[in-house]
1. Please report, in whole Å, how far the alpha carbons of the chain spread along each principal axis, starting with the longest.
2. Only sites in a loop by DSSP and with at most 13 other Cβ atoms within 10 Å count here; which GluC sites (Glu not before Pro) in segment 160-200 make the cut?
3. Within segment 121-148, list the residues whose amide N lies under 16 Å from a label point set 7 Å along Cα→Cβ of SER161.
4. Rounded to the nearest percent, how much of the accessible area of the chain (1.4 Å probe, protein heavy atoms only) is carbon and sulfur?
5. Under a crude label model (7 Å from the Cα following the beta-carbon direction), how far is THR34 from LYS149 in nanometres?
6. Using R₀ = 41 Å, calculate the FRET efficiency as 1/(1 + (r/R₀)^6) where r is the Cβ-Cβ separation of SER106 and SER60; round to 0.05.
7. List the aspartates and glutamates whose alpha-carbon lies under 18 Å from that of LYS149, not counting same-chain residues fewer than 8 positions away?
8. Show which lysines lie in cross-link reach of LYS101 when reach means a straight Cα distance below 28 angstrom and same-chain residues fewer than eight apart are skipped.
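The values are calculated or read from the model by the stated rules, or taken from the named source; none is laboratory data. This one's a predicted model, so the numbers in the text were calculated from it and none came from an experiment. As a convention, Cβ positions derive from the backbone with ideal geometry for all residues, glycine included, and neighbour counts pool all protein chains shown. Protein only, heavy atoms only, side chains kept; ligands, DNA and RNA dropped before computing areas. Shrake-Rupley method; radii C 1.70, N 1.55, O 1.52, S 1.80 Å.
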Amino acid sequence: MHLSVSACQSILFTTLLLLAGCSVTPSEDFIPITVKNAAQAKAWELQGKIAIRTSQDKFSTNLYWLHQPAANDLRLTTVLGTTVLTLKTHQGMATLKVDGKTYRDSNAQDLLTGISGWPIPLDSLPLWITGQIGSNDEIVSVNPDGTIKQLISHDPQANWSVNFLRWQHQSGALVPQLLTIEREEVQIKIQSSQWTAVESRTK
């Protein structure tokens, strides 16, 4: 997919630099559940903050993420709780809405990178956020309690280094509270204020 969006990128970066503050109300379509470990949660909600730093940009904003096996709803919000960016995936299609415009692509990671310029590893984040590893990940070190301290994720462009700085008990499971994801001139920091295992009310 080829996008000519330099103007949109400029507006997006300017807007995100102003973001900070409160959380997003969890979806009313789901109810919280208790699990023994994060892998048992087929769906979950995350509320927290994300900070991204590259050689050209730097910002921090609120993050809301509803993750399901075949769908995702990721939102960035302002201090007043107003959503300024949404990224949704459903049935193999990704939809990004920002600054009143809508963009679509079959690959969510390519779509976000094409619009924003941020090489965020969206495909791997659901695993790392819950303290799990993927097929390309190699654990480098662990904490005394057995939780992961650092892993390397092998990527054709450049490997990602993921550091799990703090862990917390949420919904009965031990999940990361603070982690950093780095490679070359990119650093992503995610801080979770609330991770909730959920299931659909219509189950």
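1. Dimensions of the chain along the principal axes of its Cα atoms: 48, 42, 32 Å.
2. Listed in order of number, the matching sites are GLU184, GLU185.
3. The answer is 138-142, whose backbone nitrogens lie closer than 16 Å to the label point.
4. The C+S portion of the solvent-accessible surface of the chain is 49 percent.
5. My value for the distance between the label points is 3.2 nm.
6. 0.85
7. Within the straight-line cut-off, LYS149 pairs with ASP137, GLU138, GLU182.
8. Counting by Cα, and skipping residues close in sequence, LYS101 has these lysines nearby: LYS49, LYS58, LYS88, LYS189.
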